[in-house]
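Notes follow the structure.
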Amino acid sequence: MFYRAAGIRHTRYESDRRLWRLPFDRWLVGAVVLLLLIAPFVVNSLYLGTYMLPWLVWATATLGLNLLMGGAGQVHLGYGAVMAIGAYGSVHLARAGLPFELVLLAAGFLSATIGVVFGAAALRVKGLYLAISTLAMQYLVDFVIVHVPAISGGTQATLQVPKITFFGMRVVSDVDNYYLALFVCALVTLFMLNVRRTSLGRALAAVREKDYAAEIIGVSTFRYKLLAFWVSSFIGGVVGCLFAFCYYKAVTPEQFHLELSIQLLAAVIVGGLGSVLGSFFGAALILLAPVILNNVIGAASRAFSLNVSADIAAHAPLMLYGALIVGFLLFEPLGLAKIYNNVRNYFVVWPFRHARK
Amino acid sequence: MDFNYFGELTINGALVGLMYALVALGIVLVYKASRYANLAQGAFAMVGGYTCVFFSASAGLPIWLAIPLTVLLLYGAGVLVERLVLRRMIGQPIIMVIMLTLGLEILLRGLVPGLFGSAVKRLDLGIAQAPLFLGEILINRGFLMGGIVALVLIAAAILFFNSRLGVTMRAVSDDQIASWSVGIRVERVIAMAWGMAGIAAAAAGILWGSVQGVDWTLSLLLLKALAIAILGGLDSVPGVLVAGLIIGICEALAAGYLDKLVGGGTRDVVASVIILATVLIRPHGLFGREHIERV
């Protein structure tokens, strides 16, 4: 119905290889991009700062983690630590007077350099062992950040971020921050959309499916596992920088504890492993669900004059994350992206259901 | 160097390590039977603590009745989790199972404190608070009790693997399809392993709860348990005992000697450092079986 596939014939390889092959998909992407661009003028600035901006930042982080987990099949339970390295590195560099464009890149390189160490574990082990090793590294990085005053600024310290300019424009208000986040998010999204069509993406897919089989057909697992960790940590570092400068405006160690890693993990699973679109869905659901749930609990307790204890309200997000992860893994292991795809596949051939692939 | 201080740290550390090993025992049992990682074991231990508090404090049952009830309930919970959740994951990639148990851990960590209250609850097992004196060395009675229970349960687990049921469990861990073909009920064996993991979790939750109080922090035992399981080898029950002692003593010594130098918190990184060292040097652990993969 909407996605008209009838009459569209690809007569050249270029058109067959396009990212979005149906005109409707292209219109849809265009409309979404336009909406994101004009959002600051339509959306209340409160909503912009509390929903749209974190959504973009979290979605970018999810994309980075998804490259590693969905693309290369390596479990990473310490992505929050990788982001912490980027955030702390960028704050210190910006305070030292480096221009923000370079700070953004340097944060990525710093995280990538340290993040590859996480990958060193991936060379020795995989699956469960890798998950536990990355978990251990998360704790180690947390410990180092808290206990080295040169990094954290002392115990219980909060580092304020300095004022920044980006390519000559001062980044002050929520709107500026939003556009900065949108810019980075767009770059990462473009990279993620295209990476699977490159030799890197295909090599990662081979490593994901069976690493020793990939080695046998000539894909160097050593190289591509490390590369996957490098690229993913680079994105993590850049996002960590965004976290610090666009969203929180200050860094404390608590922002990057295991909770963040688990949030991102949940976003990847709920959105869909290996799906770019899913990362956006997943991040949105993970960020919005606790808010919605709290509103529902509040409304329900008012409407039915229930007495919801503070304990339940405080633990509702945790319950929700757990339930979402378990529920999606049991009933839709490929996440929201798969649900969208099912709907799309239904409409592509509607009303000729028998032609569905 | 003060020898008494060293001895005190070592003995109490060893006892604490044995109590950690109790949590690790659950992970090893499940891994041995089904090759699945049970990252929800820490949350299970927390559930055990909360259940015992519920039976003894809220329901007013005497403690000698509350403890068996808790053990029974956790056995049921383990079997139930296997039946409802894990069995649907057969044939899925290992990453999915890891996420699933992690999701379960998060769910329980939200659900149980949410329902029963997140404030620290006291769990009194009737163990005297006064320390035991061994010459000049002070020993915490709670830790001593925990260490003894852990030793008994680990010994029971080792004996179990020599019984008829234990042999079937070893067969299942060796080759599920082959066990099926000789008439072993593979699902039932795996469910039983989960139930036994539940028992270990109940014991760990009750003992730790009596030492440090019952709240969500009981689920943090997961990291130490994982360190023990990895160091000892994920499929080795004697490994749990040895690794538990090693990690407990290392932690106590680190906290006793290094904390003064770096300003606290070393106790919690010891487990992480040991995990990383094991993975990099000897991934299958001290006593674990080396896993060989074929295309």
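The values are calculated or read from the model by the stated rules, or taken from the named source; none is laboratory data. Computed from a predicted model, the values in this text were never measured in an experiment. Because the Cβ atoms are built from the backbone with ideal geometry, glycine has one as well, and the counts that use them run over all protein chains shown. Note: accessible area is taken over every heavy atom of the protein model, side chains too, but ligands, DNA and RNA are not part of it. Shrake-Rupley method; radii C 1.70, N 1.55, O 1.52, S 1.80 Å.
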Counting only residues that are small (Gly, Ala, Ser) and open to solvent by 80 Å² or more (accessible area, probe 1.4 Å), the range A:156-188 contains a total of 0
Helices (runs of 4 or more DSSP H) contained entirely in the range A:98-201, each with at least 2 residues that are of a type in the set (A, V, I, L, M, F, W, C) and within 17 Å of A:VAL82 (Cβ to Cβ): A:100-124, A:128-147, A:174-195
Of the criteria (1) more than 13 Å from chain A (Cβ to nearest Cβ); (2) polar (S, T, N, Q); (3) within 13 Å of A:SER133 (Cα to Cα), which one B:THR278 fails: (1)
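Counting only residues that are of a type in the set (D, E, K, R) and under 23 Å from A:ALA5 (Cβ atoms), which one in the range A:300-357 is surrounded by the most Cβ atoms within 10 Å (Cβ to Cβ)? Break it down stepwise before answering.
So the first thing to find is which residues in the range A:300-357 are of a type in the set (D, E, K, R), and the list is A:302, A:311, A:332, A:338, A:344, A:353, A:356-357.
Going one step further and asking which of them are under 23 Å from A:ALA5 (Cβ atoms), we end up with A:338, A:344, A:353, A:356-357.
Values: A:LYS338: 17, A:ARG344: 15, A:ARG353: 9, A:ARG356: 11, A:LYS357: 5.
Top of the filtered list is A:LYS338.
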Could you please give the count of residues in the range B:168-188 that are among the aliphatic types (A, V, I, L, M) and open to solvent by less than 10 Å² (accessible area, probe 1.4 Å)? 3
Between B:ALA77, B:ALA43, B:ALA59, B:ALA37, which is over 23 Å from A:LEU318 (Cβ atoms) and in contact with a helix residue (DSSP H, G or I) (Cβ under 9 Å, 6 or more places away or on another chain)? B:ALA59
Take the residues of the range A:242-294 that are modelled with pLDDT under 90 and polar (S, T, N, Q): which is most open to solvent (accessible area, probe 1.4 Å)? A:ASN294
Pairs under 6 Å by beta carbon, first residue at the interface with chain B (Cβ under 7 Å from one of its Cβ atoms) in the range A:308-329, partner not in a helix (DSSP H, G or I), six or more apart or different chains? A:ASP311/B:GLY117; A:ASP311/B:SER118
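Condition test on A:ILE297, is it under 22 Å from B:VAL112 (Cβ atoms) and crowded, with 22+ Cβ neighbours inside 10 Å?
Spelling it out, it is not the case that A:ILE297 is under 22 Å from B:VAL112 (Cβ atoms) and crowded, with 22+ Cβ neighbours inside 10 Å.
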B:VAL79 passes all but one of the listed conditions (1) within 14 Å of chain A (Cβ to nearest Cβ); (2) open to solvent by 10 Å² or more (accessible area, probe 1.4 Å); (3) hydrophobic (A, V, I, L, M, F, W, C); the exception is number (1)
Condition first: more than 11 Å from chain A (Cβ to nearest Cβ), in contact with a Gly (Cβ under 7 Å, 6 or more places away or on another chain) and open to solvent by 10 Å² or more (accessible area, probe 1.4 Å). Now tell me which residues in the range B:208-220 satisfy that. B:TRP208, B:SER210, B:VAL211
Give the range A:65-88 a look and list any residue that's in a helix (DSSP H, G or I) and under 17 Å from A:LEU140 (Cα atoms), or say none. A:TYR79, A:GLY80, A:ALA81, A:VAL82, A:MET83, A:ALA84, A:ILE85, A:GLY86, A:ALA87, A:TYR88
Which of the residues belonging to the range A:117-141 are under 20 Å from B:TYR31 (Cα atoms), more than 8 Å from chain B (Cβ to nearest Cβ) and β-branched (Val, Ile, Thr)? A:THR134
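What number of residues within the range A:21-74 satisfy the criterion of being more than 14 Å from every other protein chain (Cβ to nearest Cβ) and closer than 30 Å to A:PHE222 by Cβ?
Within the range A:21-74, the first condition is being more than 14 Å from every other protein chain (Cβ to nearest Cβ), and the residues that meet it are A:21-64, A:67.
Narrowing the set further to residues that are closer than 30 Å to A:PHE222 by Cβ leaves A:60-64, A:67.
The qualifying residues number 6.
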Residue pairs within 7 Å by beta carbon, gap of at least six or interchain, first lying in the range B:44-67 and free of Cβ contacts under 8 Å to residues at least 12 places away in the same chain, second in a helix (DSSP H, G or I) and among the aromatic types (Phe, Trp, Tyr), listed first then second, are B:LEU61/B:PHE55
Scan of the range B:202-252 for residues that are part of a helix (DSSP H, G or I), more than 28 Å from B:VAL112 (Cβ to Cβ) and in contact with a Ser or Thr (Cβ under 8 Å, 6 or more places away or on another chain), ordered by number: B:LEU231, B:ILE249, B:ALA252
Going through (1) aliphatic (A, V, I, L, M); (2) surrounded by 21 or more Cβ atoms within 10 Å (Cβ to Cβ); (3) outside any helix (DSSP H, G or I) one by one, B:ALA128 fails only at (2)
Restricting to the range B:239-269, give me the number of residues that are surrounded by fewer than 16 Cβ atoms within 10 Å (Cβ to Cβ) and away from every other protein chain (no Cβ under 14 Å). 1
Where a residue in the range B:105-125 is within 7 Å of chain A (Cβ to nearest Cβ) and touching a residue at least 40 places away in the same chain (Cβ under 8 Å) and its partner, wherever it lies, is of a type in the set (Asp, Glu) and open to solvent by less than 30 Å² (accessible area, probe 1.4 Å), with Cβ under 7 Å and at least six apart: B:PRO113/B:ASP215; B:SER118/B:ASP215
Pick from the range A:195-215 the residues that are in contact (Cβ under 8 Å) with a residue 40 or more places away in the chain and either away from every other protein chain (no Cβ under 13 Å) or of a type in the set (A, V, I, L, M) (or both): which of them is most open to solvent (accessible area, probe 1.4 Å)? A:ARG196
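In the range B:283-295, what residues are facing another protein chain (nearest Cβ under 10 Å) and either open to solvent by 30 Å² or more (accessible area, probe 1.4 Å) or farther than 15 Å from A:SER133 by Cα (or both)? Outline the logic, then answer.
Of the residues in the range B:283-295, the ones facing another protein chain (nearest Cβ under 10 Å) are B:283-285, B:291, B:293-295.
Result: B:HIS284, B:HIS291, B:GLU293, B:ARG294, B:VAL295.
Here's a check for you: in the range A:142-155, which residue that is in contact (Cβ under 8 Å) with a residue 12 or more places away in the chain and surrounded by fewer than 23 Cβ atoms within 10 Å (Cβ to Cβ) is nearest to the other protein chains (Cβ to nearest Cβ)?
The extreme case among them is A:VAL146.
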Return only the number of the condition from (1) of a type in the set (Gly, Ala, Ser); (2) open to solvent by less than 20 Å² (accessible area, probe 1.4 Å); (3) outside any loop (DSSP other than H, G, I, E, B) that B:ALA37 does not satisfy. (3)
Given the conditions (1) within 13 Å of chain A (Cβ to nearest Cβ); (2) surrounded by fewer than 24 Cβ atoms within 10 Å (Cβ to Cβ); (3) touching a residue at least 24 places away in the same chain (Cβ under 8 Å); (4) part of a helix (DSSP H, G or I), and given that B:ARG88 satisfies all but one, which numbered condition is not satisfied? (3)
